[in-house]
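The values are calculated or read from the model by the stated rules, or taken from the named source; none is laboratory data. Please read all numbers here as calculations on a predicted model, not as lab measurements. FYI the Cβ positions are ideal-geometry reconstructions off the backbone, even for glycines, and counts take in every protein chain you see.
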Amino acid sequence: MKHGWVLLAAALSGCAGGDYRPVSDAAVKIGAPYRVRGTTYVPAVDPSYDMLGLASWYGSESGRRTANGERFRPGGVSAAHTTLPLPSYVEVTALDTGRRILVRVNDRGPFAGRRRILDLSKGAAEALGARGQGVVPVRVRVVSPSERDRARLRRGKAARELPPVDEATRANLRAQLRASGL
């Protein structure tokens with residue numbers, strides 16, 4: 001019977017669309033420094049990552065391979081970041097609305113300049129309420145969500161709903177973003 005399971009697994013892996021990596025949190029990929037459009041990016045573990053900047057969204061790459069080898073699902077709740085380990089989990093806060101979501105980072109990007117710090121999948125942009133806009137001001141910080149939230153995000157689903165950030169805090173974050181020249 002054990003031999004039968006191996007054959008079944010091999011047969012099913014052929015149905016998965018070829019050589020895409022299964023969605024998993026192991027192994028975490030940090031990667032070597034790389035260069036895009038004249039800029040060198042150095043991936044690194046940064047558990048204290050907490051940045052203000054802009055996020056855009058992308059979604060026309062359906063079925064392509066992400067930087068960690070998974071199949072890109074535009075409707076899933078995922079994102080691309082230039083240097084965070086793959087996968088990583090981040091909390092994204094829309095500074096205009098205060099809406100917060102958890103997102104699984106499994107790809108590299110954005111490469112549109114220093115102003116953009118995150119590319120959201122179409123599904124993540126919808127969950128954040130940012131799909132109708134091209135670029136939104138955000139706060140992105142690394143988090144360690146519960147295993148239940150991780151499992152939902154690995155399946156491309158939204159994690160638990162987070163309470164919004166109050167207006168006073170958002171005003172302070174927007175002022176910091178403006179002071180940084182963005």
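Quick look at the values:
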quantity	calculated
Any chance GLY156 is within 14 Å of the chain's Cα centre (by Cα), under 29 Å from GLY31 (Cβ atoms) and either among the hydrophobic types (A, V, I, L, M, F, W, C) or in a loop (DSSP other than H, G, I, E, B) (or both)	yes
Close pairs from segment 33-53: first without any contact (Cβ under 8 Å) to a residue 24 or more places away in the chain, partner among the aliphatic types (A, V, I, L, M) and in a loop (DSSP other than H, G, I, E, B), Cβ under 8 Å, at least 6 apart	PRO33/VAL42
The lone exception for ARG139 - which of (1) out of contact with any helix residue (DSSP H, G or I) (no Cβ under 8 Å at 6 or more places or on another chain); (2) of a type in the set (Lys, Arg); (3) crowded, with 21+ Cβ neighbours inside 10 Å it fails	(1)
Residues located in segment 20-50, provided they are of a type in the set (Ser, Thr, Tyr), surrounded by 11 or more Cβ atoms within 10 Å (Cβ to Cβ) and outside any loop (DSSP other than H, G, I, E, B)	TYR34, THR39, TYR41
Qualifying residue in segment 86-104 (condition: more than 20 Å from VAL165 (Cβ to Cβ) and either β-branched (Val, Ile, Thr) or in contact with a Phe, Trp or Tyr (Cβ under 7 Å, 6 or more places away or on another chain) (or both))	yes
The lone exception for ALA125 - which of (1) outside any loop (DSSP other than H, G, I, E, B); (2) more than 18 Å from GLY76 (Cα to Cα); (3) not hydroxyl-bearing (Ser, Thr, Tyr) it fails	(2)
Scope segment 106-133; condition surrounded by fewer than 24 Cβ atoms within 10 Å (Cβ to Cβ) and in contact with a Leu (Cβ under 6 Å, 6 or more places away or on another chain); matching residues	ARG115, ARG116
Test result for GLY134, under 12 Å from the mean Cα position of the chain (by Cα) and under 18 Å from PRO74 (Cβ atoms)	no
Residue match in segment 54-74 (condition: at pLDDT 95 or above, closer than 22 Å to VAL142 by Cβ and surrounded by 15 or more Cβ atoms within 10 Å (Cβ to Cβ))	yes
Residues within segment 87-115 that are in a strand (DSSP E or B) and either small (Gly, Ala, Ser) or in contact with a Pro (Cβ under 9 Å, 6 or more places away or on another chain) (or both), tallied	10
Matching option when the condition is within 24 Å of VAL36 (Cα to Cα), in a strand (DSSP E or B) and in contact (Cβ under 8 Å) with a residue 40 or more places away in the chain, among LEU118, LEU84	LEU118
